[in-house]
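Everything below concerns the one structure shown next.
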């Protein structure tokens, strides 16, 4: 009887150890709360011209100061730009480039492009209001800009030290909404699937070191992939 009890205790502790390790490495997504809303912030495109492959942009932002550090009202140690608030410029849903001035240029490989620009907080969270973004196209591009779009923004690149613990997940929706009774976003992180029903920033926890693959899909209410350009989106990030 005593031997059986000891065996049970040993097995129980092994179970606890396995469970503890599993929970520790479990990937989770939680909503990021209490970011400054910037409800009155706006972004407009004043001029865009092209010389060879170089695109010149002149934006104007209102009620938003590029270069300021955004007040972070959270306990998360999110990756943050020491250059402050900026503009995310996304070309054909590729990785964004960050711009800290209203006037800048960028060399693009193609003549025909779909270009999204939006205001970003210093820790790379997008400002999500109807006046805070620009969607346009160049060249002989016949994309219907009235279609539903999901653009990938974060996470991106390589994360080190404290940045690996809490990682921002952020995307940009245009001409669409998500809800439990309508469209949704499916997030696949390595082999784990998550469904998002609210357009909001999120925080990913529990990622393993090394490479992580992330895929975003805009789905209809039947959980089918919406047939629109740039859907789905995929990125690979690295945690060191």
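Numbers at a glance
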| read-out | value |
| --- | --- |
| Number of positions in the range 157-199 that are over 19 Å from residue 76 (Cα atoms), assigned to a loop (DSSP other than H, G, I, E, B) and within 13 Å of the chain's Cα centre (by Cα) | 1 |
| Criterion: closer than 27 Å to residue 215 by Cα and crowded, with 16+ Cβ neighbours inside 10 Å - qualifying residue of 96, 64 | 96 |
| Hits in the range 76-113 - residues which are farther than 28 Å from residue 205 by Cα and part of a loop (DSSP other than H, G, I, E, B) | 92, 100, 101, 102, 108, 109, 110, 111, 112 |
| Which listed residue, of 233, 192, is over 30 Å from residue 50 (Cα atoms), surrounded by 12 or more Cβ atoms within 10 Å (Cβ to Cβ) and at pLDDT 95 or above | 192 |
| From 103, 54, 71, residue being modelled with pLDDT under 95, surrounded by fewer than 18 Cβ atoms within 10 Å (Cβ to Cβ), touching a strand residue (DSSP E or B) at 6+ places or on another chain (Cβ under 8 Å) and more than 23 Å from residue 173 (Cα to Cα) | 54 |
| Those residues of the range 130-142 which are assigned to a loop (DSSP other than H, G, I, E, B) and either modelled with pLDDT of 95 or more or buried (at least 23 other Cβ atoms within 10 Å of the Cβ) (or both), in sequence order | 130, 131, 132 |
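The values are calculated or read from the model by the stated rules, or taken from the named source; none is laboratory data. Please read all numbers here as calculations on a predicted model, not as lab measurements. Quick reminder, even Gly has a Cβ in these numbers, built from the backbone with ideal geometry, and neighbours come from all protein chains shown.
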